[in-house]
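Data first, discussion second: the structure below is written as structure tokens.
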Amino acid sequence: MTENNNSPSTLQDVSRRELRDLVRSQLQALLEQNDLQGAKAILVPVQPADIAEAIEGLPEAMQAIAFRLLSKGEAIEVYEYLDSSIQQALIEEFKRQDVLDIVDQMSPDDRVRLFDELPAKIVNRLLEQLSPTERQATAQLLGYEPGTAGRIMTPELISFKEGFTVTQALERIRRLANVTETIYYLYVTDNARRLTGTLSLRDLVTSQPTQTIGEIMTREAVFIYTDTDQEEVARVIQRYDFLAVPVVDREQRLVGIVTVDDVIDIIQEETTEDIYALGGGVQSGGDNYFQSDLLTIARKRVVWLLVLLLTNTVTGTIIKSQEGLLQQVVSLAAFIPLLTGTGGNVGAQSSTVVIRGMNTDEIRAMGEYQVILREGIAGLMLGTMLGSIATVWAYFLQGNLAVAISVGVSLIAISVLASVSGSALPFLFRFLRLDPALMSAPFITTAVDVAGVLIYFNLARLILRL
């Protein structure tokens, strides 16, 4: 029986991708023909997220035109899905009232995310023209530190007092459903707005109309503080499978919620930053890398490349200082790239798994020393396997057993060094309040290149008795 690899989810992904490409190409063709009615018509059945992606794929001159074809309600939804750089470009194209209508209708957390990307002058102008309620909500979120729960939360939620009956609670939900972020999780507070419990919509609708909220709510509420780091927020929602988590201040007063859609954005943002950093010190700064100016990209990347350049200069100096040894045994020089390259790869593997474990909290229970010891043992095992192969290969190439043994033993020592460095440096940089992902790659390369060459030459002198 032949296995069918075309699962429904895969087929759906392909079809949605094809749909977005089709909408973008047809939209561009109609705009080029100046057929605005036709362009407007093809967008009617398309989802806001797909419209946003279609607009992002258009030439820059057409993006504002396509966006203006949307109705006000559609424009508000689509705008929240657009990349921040395109949001800024559209703001510059719009008339002041057009901007105000869209920004005023955005949810507070999405509005703050937009404001974080805009120049302060534009933000102040927009803030002044928001309605008093929206201005207050936005100013409240902007008052929290970036990267914290307070900055990404929304104050739009539904809360009850314990004395409410189920009937009263349902009536309150009907009245506030259109102005709240989610109605699936509900929150219970006392007269001082301190969080006392939570309640799911499911429990509410399956309870008797005359029961009170205090009788059916869950009192052991899981919550986060306004200054909780956004990565910890993501872990809490992931750990408890929440759709939203309540946010309280230090007096336990309920001030907002963080929803799962915001957490998905956080996880994507943090993962992207870590991958860029692990790829050689590339800092994304929250911008789309492939839409950033090339000069800006080059300026960000050149810093760590200069560090690596200087490292190679140091390594070259060490090699030059060993000219006497290399003149006696020229074949030793042939294996330097093999040793430093393998050591760099082993160190990169160790730093990658440790940094990932830091981000997911998988290594918290183990402790730093246990993690480093574990990676050191792994490095010893890897070095032994690779060193055995390298010894045979070096002897096959050079026919010199002493040189082959020098290469094999050095590879074992360098693998242990690389594993220990790769696992220890992320902890060191976290202790120094530096980004482990950003700092580890160049320093691991430095340690392995410099120390690895020194280890190789000293072991070779010892084994060759020179």
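Which residues, taken from region 424-446, are closer than 15 Å to VAL314 by Cβ and open to solvent by 30 Å² or more (accessible area, probe 1.4 Å)?
Here is the first cut: in region 424-446, the residues closer than 15 Å to VAL314 by Cβ are 442-446.
Passing the criteria: PHE443, THR445, THR446.
Quick check on region 141-163. Is at least one of its residues in a loop (DSSP other than H, G, I, E, B), among the aromatic types (Phe, Trp, Tyr), modelled with pLDDT of 90 or more and closer than 14 Å to VAL248 by Cα?
Taking region 141-163 as the starting set, the residues that turn out to be in a loop (DSSP other than H, G, I, E, B) are 143-147, 153, 155-158, 161-163.
Now restrict to residues that are among the aromatic types (Phe, Trp, Tyr): 144.
Now restrict to residues that are modelled with pLDDT of 90 or more: 144.
Going one step further and asking which of them are closer than 14 Å to VAL248 by Cα, we end up with 144.
Yes.
Residues of region 365-412 being within 21 Å of SER351 (Cα to Cα), open to solvent by less than 70 Å² (accessible area, probe 1.4 Å) and not in a helix (DSSP H, G or I), which ones?
Passing the criteria: MET366, GLY367.
Kindly list, by first and then second residue, each pair from a residue in region 73-90 that is modelled with pLDDT of 85 or more to a residue that is hydroxyl-bearing (Ser, Thr, Tyr) and surrounded by 18 or more Cβ atoms within 10 Å (Cβ to Cβ), limited to pairs with Cβ atoms under 8 Å and residues at least 6 apart or on different chains.
none
Suppose the filter is in contact with a helix residue (DSSP H, G or I) (Cβ under 6 Å, 6 or more places away or on another chain), open to solvent by less than 10 Å² (accessible area, probe 1.4 Å) and in contact (Cβ under 8 Å) with a residue 12 or more places away in the chain; does VAL248 pass it?
Criteria not met by VAL248.
What do you reckon, is GLU134 surrounded by 15 or more Cβ atoms within 10 Å (Cβ to Cβ) and assigned to a loop (DSSP other than H, G, I, E, B)? Outline the logic, then answer.
On the way: surrounded by 15 or more Cβ atoms within 10 Å (Cβ to Cβ): yes; assigned to a loop (DSSP other than H, G, I, E, B): no.
Considered against the rule, which asks whether it is surrounded by 15 or more Cβ atoms within 10 Å (Cβ to Cβ) and assigned to a loop (DSSP other than H, G, I, E, B), GLU134 comes out as no.
Among the charged types (D, E, K, R), surrounded by 13 or more Cβ atoms within 10 Å (Cβ to Cβ), within 24 Å of the chain's Cα centre (by Cα) and at pLDDT below 75: is that true of ASP287 in this structure?
Details: among the charged types (D, E, K, R): yes; surrounded by 13 or more Cβ atoms within 10 Å (Cβ to Cβ): yes; within 24 Å of the chain's Cα centre (by Cα): yes; at pLDDT below 75: yes.
When the stated conditions are applied, ASP287 passes them.
Out of SER15, SER9, SER25, report the one residue that is hydroxyl-bearing (Ser, Thr, Tyr), open to solvent by less than 100 Å² (accessible area, probe 1.4 Å), modelled with pLDDT of 85 or more and out of contact with any helix residue (DSSP H, G or I) (no Cβ under 8 Å at 6 or more places or on another chain).
Details: SER15 fails: modelled with pLDDT of 85 or more; SER9 fails: modelled with pLDDT of 85 or more.
Only one candidate qualifies: SER25.
Kindly indicate which of ILE237, ILE275, ILE267 is open to solvent by 80 Å² or more (accessible area, probe 1.4 Å), of a type in the set (A, V, I, L, M, F, W, C), part of a helix (DSSP H, G or I) and at negative phi. Write out each step before concluding.
Working: ILE237 fails: open to solvent by 80 Å² or more (accessible area, probe 1.4 Å); ILE267 fails: open to solvent by 80 Å² or more (accessible area, probe 1.4 Å).
That would be ILE275, the only listed residue that is open to solvent by 80 Å² or more (accessible area, probe 1.4 Å), of a type in the set (A, V, I, L, M, F, W, C), part of a helix (DSSP H, G or I) and at negative phi.
If GLU215 satisfies all but one of (1) part of a loop (DSSP other than H, G, I, E, B); (2) without any contact (Cβ under 8 Å) to a residue 12 or more places away in the chain, what's the number of the condition it fails?
Result: GLU215 passes all but (1).
So, in region 40-93, of the ones that are farther than 18 Å from LEU114 by Cβ and basic (Lys, Arg), which residue ends up surrounded by the most Cβ atoms within 10 Å (Cβ to Cβ)?
Going through the qualifying residues, I end up with LYS40.
Considering only residues that are of a type in the set (A, V, I, L, M), within 28 Å of GLU77 (Cβ to Cβ) and either open to solvent by 20 Å² or more (accessible area, probe 1.4 Å) or free of Cβ contacts under 8 Å to residues at least 12 places away in the same chain (or both), which ones fall in region 178-212?
Across region 178-212, the qualifying residues are VAL179, ILE183, LEU201, VAL205.
Which of the numbered conditions does ARG175 fail, given that it passes all the others? Conditions: (1) more than 30 Å from the chain's Cα centre (by Cα); (2) within 16 Å of SER107 (Cβ to Cβ); (3) open to solvent by 60 Å² or more (accessible area, probe 1.4 Å); (4) at pLDDT 85 or above.
Failed condition: (2).
Inside region 37-125, counting only helices (runs of 4 or more DSSP H) that do not spill past its ends, which hold 3 or more residues that are under 27 Å from ARG151 (Cα atoms) and in contact with a helix residue (DSSP H, G or I) (Cβ under 6 Å, 6 or more places away or on another chain)?
Where helices (runs of 4 or more DSSP H) fall fully within region 37-125 and carry at least 3 residues being under 27 Å from ARG151 (Cα atoms) and in contact with a helix residue (DSSP H, G or I) (Cβ under 6 Å, 6 or more places away or on another chain), they are 48-56, 72-81, 84-93, 96-105, 108-117.
The values are calculated or read from the model by the stated rules, or taken from the named source; none is laboratory data. As the structure is a computational prediction, the values presented were derived from the model and not from experiment. Positions of Cβ are backbone-derived with ideal geometry, glycine not excepted, and every protein chain shown enters the neighbour counts. Each accessible area value is taken on the protein alone, full model and side chains, heavy atoms only, with ligands, DNA and RNA left out. Shrake-Rupley method; radii C 1.70, N 1.55, O 1.52, S 1.80 Å.
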